[in-house]
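The values are calculated or read from the model by the stated rules, or taken from the named source; none is laboratory data. Here the structure is a predicted model, which is why all the values come from computation and not from measurement. Note that each Cβ is placed from the backbone with ideal geometry, even for glycine, and that neighbours are counted across all protein chains shown. Ligands, DNA and RNA are excluded from the accessible area calculation, which covers all protein heavy atoms including side chains. Shrake-Rupley method; radii C 1.70, N 1.55, O 1.52, S 1.80 Å.
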Amino acid sequence: MAAAQERLTDGTDGMDDAKEEDPDGRDTAPAPFRAAVDALTAARLRAEIEAEPTRPPQRLAPFSYALEAAVVQEDEDLADGRLVLLHDPAGHEAWQGTFRLVTLVRAELEPEMAADPLLPEVCWSWLTGALQSRGLSYGEPSGTVTRASSHYFGGLAARPAASQIEIRASWTPREGLGGIPDTAAHLASWCELLAQVAGLPPAAPGDGSVVTLPQRRGPQPR
């Protein structure tokens with residue numbers, strides 16, 4: 001997945017370097033991190049969302065885990081992104097906790113949506129609303145919403161103008177029993193954001209059209 005593979009260095013914790021061996025550090029990780037990752041890998045996602053683990057960043061925290069996902073319909077990627085779980089058992093002053101979630105989500109936009117002056121605020125509210133709708137406690141949210149347009153000229157003039165939205169964000173999931181955050185619920189909220197950016201309707205409560213992460217077929221490049 002090309003979009004989710006790009007450098008993610010915008011001040012929302014950066015996500016550019018990766019380990020080559022023991023990529024998520026689980027062999028030596030403390031129990032809370034292992035439990036948080038196990039909850040992610042056992043999560044069930046909407047059928048339109050294809051996801052798989054990917055190499056996590058190396059220098060942001062002692063322990064990290066990452067996955068990439070795409071919203072796919074009829075073999076077309078409607079949106080894609082990456083979600084990273086960071087863990088520092090000693091705590092992190094900027095996080096105000098021992099865990100941090102970092103994400104990039106991006107999608108192509110219809111011209112009418114791209115022209116909406118309130119689009120950045122709406123996209124940010126999709127993230128915070130998805131977290132709040134599940135009653136999740138979180139802190140220290142930060143991020144950017146970037147809207148970009150491309151116009152083609154010369155030999156590329158036949159291409160229609162294109163617009164894209166990109167959401168970069170990070171937040172601290174509050175820890176529950178045993179110092180473990182509800183990462184599965186945070187993943188579900190993130191997938192809701194991904195689906196909204198892709199233009200999908202909300203999933204109905206108890207929707208059976210969900211699959212367990214990871215799927216064998218990975219997200220495809222554009």
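Tabulated data
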read-out	value
Which listed residue, of 125, 189, 170, 209, is at negative phi, open to solvent by 50 Å² or more (accessible area, probe 1.4 Å), modelled with pLDDT of 90 or more and among the polar types (S, T, N, Q)	125
Given (1) loosely packed, with under 12 Cβ neighbours inside 10 Å; (2) hydrophobic (A, V, I, L, M, F, W, C); (3) not in a loop (DSSP other than H, G, I, E, B), number of the condition residue 94 does not satisfy	(3)
Hits in region 56-74 (condition: outside any loop (DSSP other than H, G, I, E, B), closer than 30 Å to residue 201 by Cα and over 13 Å from the mean Cα position of the chain (by Cα))	72, 73
Single condition residue 159 does not satisfy, out of (1) open to solvent by less than 40 Å² (accessible area, probe 1.4 Å); (2) without any contact (Cβ under 8 Å) to a residue 24 or more places away in the chain; (3) basic (Lys, Arg)	(1)
Count - residues of region 31-55 that are assigned to a loop (DSSP other than H, G, I, E, B), open to solvent by 40 Å² or more (accessible area, probe 1.4 Å) and either modelled with pLDDT under 90 or of a type in the set (Gly, Ala, Ser) (or both)	3
Region 164-182 - residue that is in contact (Cβ under 8 Å) with a residue 24 or more places away in the chain and more than 17 Å from residue 104 (Cα to Cα) and, of those, farthest from the chain's Cα centre (by Cα)	178
Filter result (under 25 Å from residue 90 (Cβ atoms) and charged (D, E, K, R)) within region 26-78	26, 27, 34, 38, 55, 59
